[in-house]
Amino acid sequence: MKTTCLLSFFICISFSLQAQYDAEILSLDFPDEMNPSENYQLDLTFKNTGESELNRSTCTLKVTYISGPNSEAGEDLTIEKDLTVNVSSGDQYTYRWTVEAPIIPGDYKMNVALLNGSKTLDEEEVTTTVEESYNSTIKFTYPNPIQPEVRYAPLNATVRNSGKAQWPEGKYELIGKMVTSPSDASIDDITAFEFEEEIDLSNLEPGNSKFHRFEDYFEAPSTGGTYHVKVTLHLDGKPFKVDNGELNLNPSVLLEDQKADIQEKVTKKIYPNETYPVSFTIKNSGKVNWDKGNYSLKSTVTKRSSSYIDKKPFETTVKINAVEMAPGKSVSVKFPDIKTPEMAGTVEVKYEILLGGKSTEIEGADKTIKYEIVEVTPDPKQFAQNEKAPTTNEKPKTTIKENVTTKIYPEKSYPISFTIKNSGKIKWEKGDYSLKATVTRKPSSVDDNIFEHTVKFNGSEMSPGKVVTLKFPEINTPDASGVVEVSYEILKNSKPTQIEDATRKIRYEIVELLPELNIGRITLEDAMVSGKTYKLKLDMKNYGDISASKDDWEVKCKTRTIKPSNYRPPRGTFDFSLDGIDMKAKETKYINGIIKAPKVDQETSIRLEFEVYYKGDKMGGPKTFDIKIKS
């Protein structure tokens, strides 16, 4: 009897000394619906209802996958998260964590459990629905223009999953159907544009594309005109419910060629300071009406015997009434009179029919006329009074040679100089001469004053064969990139001269300099233990000629599981980025980071891929590093 009482007494003491753990989930914020690939912040609040303190080293929140459309996708919602502090009896604690919704739509059933060691303190089951939200980009075109009855190479199309959800599995087809066609189009003409092409798009992940080449050649129809074709994406015999899953195309088959005949009424041998009328007759010499639109006849000087002959008297644009002009019909076009420039020589002018301000497909739509400006011979008595007057055929000439660097780099200085030669047979006139630089084309961010200067030189009465050298201020290249075109022109008394070849155009190309960042040695433990933290060190070198600012670059790390193939590390564990640091040209430095090995239930091999991104663009190939994680 005494032995029994003593045993009972020790059992009671044993139970009273054993810690009593318990907890109750008070609230769980787990959304009922999610959009694919979007991030959500979740939280769970629980209360310690046991008598003992819950220790952060043993109490864990664990979210596990139960069922859904795809177990691997469901793993995106799983998590195992430890307490950050100890929770005393009666106190509350809130877990907060972020998940990225799976890319595969459907209903996912999850278990949310609060554990202390292996004991489940409390748990709930939740169901969340990842919405079906699909988006596509379809690239497909017919030849343009289409020649009637021509056999073209097979057509092709590219379909891209431009949304955030993985596309479902099934039979996909790209289908083209005729909506409207020319009234005289035959059935064969219509079916030439229609097609049903099967294309493998099952389980196409976001951002991925599929190129498809049609099996048959494209046989162009014989009937000309514009056709309207609707191209749609189908899944299992029905239109796929996807945004931008339809294209409306208007392929055009060429009709009979449109033609024109331009007849001029002009005087081709003209004299300085005289006025001459110019007119044309334009005829539709083809067999079909011209297209609708606004027609005009534009004159453009294409060639001059001297750059000092003024182009303006010859260049103009006149509207003409030629909308849907019928075959055989003609219109008359009167141009402004030509007031002939003073300088003798030849001028070639191209007269071209335009439609809507642009060149047309009309055959014979342009005509070139060569005008000859004949110099009037001066009075011999007047000529004798000026002993220095040149003969009627002699004109002042020059040769400008530059000594410049045309391929320049930002934030560097470059010298500029020129030699100017009197390459004619007569002296230049008296006056104050200068060479003026004018920017004619540039990027908007470039200041004209960097290139624009005027430098005086001694060119007054410069003899034939004489050469002068002049030096311009150095170009201090701006921090920009692009093409700058500068015109250098000889001026006399600050005005353009009559000297031939007095203008020289130079094209400068500002080439953007980039640093050349490269990852050398990677220092990291290659045999990790689950749950431990490890230091990462990357040996970086800037091989370029300019510095790299810390705000312009970063190193991104991505993972690829080697073994087992179905293992997916928790998001953020190895998919991370390291901020850049300031690096001078040719400088070598280290950047450091910290990696915590995730929990695994078996030995796992992972390949880390490190890549350098400069201003958002990838710079060079990846640097890889393989690690093993022991459970």
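The values are calculated or read from the model by the stated rules, or taken from the named source; none is laboratory data. Predicted, not measured: the structure shown is a model, and the values here were computed from it. Here the Cβ is made from the backbone with ideal geometry for all residues, glycine too, and neighbour counts use every protein chain on show. Each accessible area value is taken on the protein alone, full model and side chains, heavy atoms only, with ligands, DNA and RNA left out. Shrake-Rupley method; radii C 1.70, N 1.55, O 1.52, S 1.80 Å.
Observations
- Taking region 480-524 as the region of interest, none of the strands (runs of 3 or more DSSP E) fully inside it holds 2 or more residues being open to solvent by 40 Å² or more (accessible area, probe 1.4 Å), among the hydroxyl-bearing types (Ser, Thr, Tyr) and touching a residue at least 40 places away in the same chain (Cβ under 8 Å).
- With respect to being aromatic (Phe, Trp, Tyr), in contact (Cβ under 8 Å) with a residue 12 or more places away in the chain and crowded, with 19+ Cβ neighbours inside 10 Å, Tyr95 fits the description.
- Of the candidates Gly170, Gly163, Gly176, the single residue that is at pLDDT 90 or above, in contact with a strand residue (DSSP E or B) (Cβ under 6 Å, 6 or more places away or on another chain), assigned to a loop (DSSP other than H, G, I, E, B) and farther than 23 Å from Leu42 by Cβ is Gly170.
- Enumeration of residues in region 528-545 that are open to solvent by less than 50 Å² (accessible area, probe 1.4 Å) and farther than 10 Å from Met583 by Cβ: Met528, Ser530, Gly531, Tyr534, Leu536, Leu538, Asp539
- The set of residues in region 100-109 that are of a type outside the set (D, E, K, R) and either buried (at least 21 other Cβ atoms within 10 Å of the Cβ) or under 11 Å from Ser37 (Cβ atoms) (or both) comprises Ala101, Pro102, Ile103, Ile104, Pro105, Tyr108.
- Within region 581-631, being among the acidic types (Asp, Glu), part of a strand (DSSP E or B) and open to solvent by 30 Å² or more (accessible area, probe 1.4 Å) holds for Glu609, Asp617, Asp626.
- Which numbered condition Glu474 misses (of (1) farther than 28 Å from Ser305 by Cα; (2) part of a loop (DSSP other than H, G, I, E, B)): (2)
- In the condition set (1) part of a strand (DSSP E or B); (2) without any contact (Cβ under 8 Å) to a residue 60 or more places away in the chain; (3) buried (at least 18 other Cβ atoms within 10 Å of the Cβ), Phe574 is compliant with all but (1).
- In region 302-328, the qualifying residues are those that are closer than 19 Å to Gln258 by Cα and surrounded by 14 or more Cβ atoms within 10 Å (Cβ to Cβ), and the one that is modelled with the highest pLDDT is Ile320.
- Residue, nearest to Lys350 (Cα to Cα), within region 299-333, restricted to residues that are free of Cβ contacts under 8 Å to residues at least 24 places away in the same chain and in contact with a Phe, Trp or Tyr (Cβ under 7 Å, 6 or more places away or on another chain): Thr316
Here is a yes/no grid of residues against (1) outside any strand (DSSP E or B); (2) modelled with pLDDT under 90; (3) within 18 Å of Asn250 (Cβ to Cβ); (4) of a type in the set (Lys, Arg):
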position: Met110; (1), (2), (3), (4): no, no, no, no
position: Thr129; (1), (2), (3), (4): no, no, no, no
position: Glu132; (1), (2), (3), (4): yes, yes, no, no
position: Thr137; (1), (2), (3), (4): no, no, no, no
position: Val159; (1), (2), (3), (4): no, no, no, no
position: Glu197; (1), (2), (3), (4): no, no, no, no
position: Asp200; (1), (2), (3), (4): yes, no, no, no
position: Gly207; (1), (2), (3), (4): yes, yes, no, no
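- Within region 74-85, the only residue that satisfies the criterion of being of a type in the set (S, T, N, Q) and surrounded by 15 or more Cβ atoms within 10 Å (Cβ to Cβ) is Thr78.
- Matching option when the condition is in a strand (DSSP E or B), within 19 Å of Gly345 (Cβ to Cβ), at pLDDT 90 or above and not polar (S, T, N, Q), among Lys401, Lys370: Lys370
- If you go through region 334-362 and pick out every residue that is in a loop (DSSP other than H, G, I, E, B) and either without any contact (Cβ under 8 Å) to a residue 12 or more places away in the chain or of a type outside the set (A, V, I, L, M) (or both), you end up with 7.
- Output for region 430-442, where each listed residue is open to solvent by less than 60 Å² (accessible area, probe 1.4 Å) and either at pLDDT below 90 or not in a loop (DSSP other than H, G, I, E, B) (or both): Tyr433, Ser434, Leu435, Ala437, Thr438, Val439
- Residues in region 142-183 that are hydroxyl-bearing (Ser, Thr, Tyr) and under 30 Å from Asp76 (Cα atoms) were compared, and the one that is least open to solvent (accessible area, probe 1.4 Å) is Tyr172.
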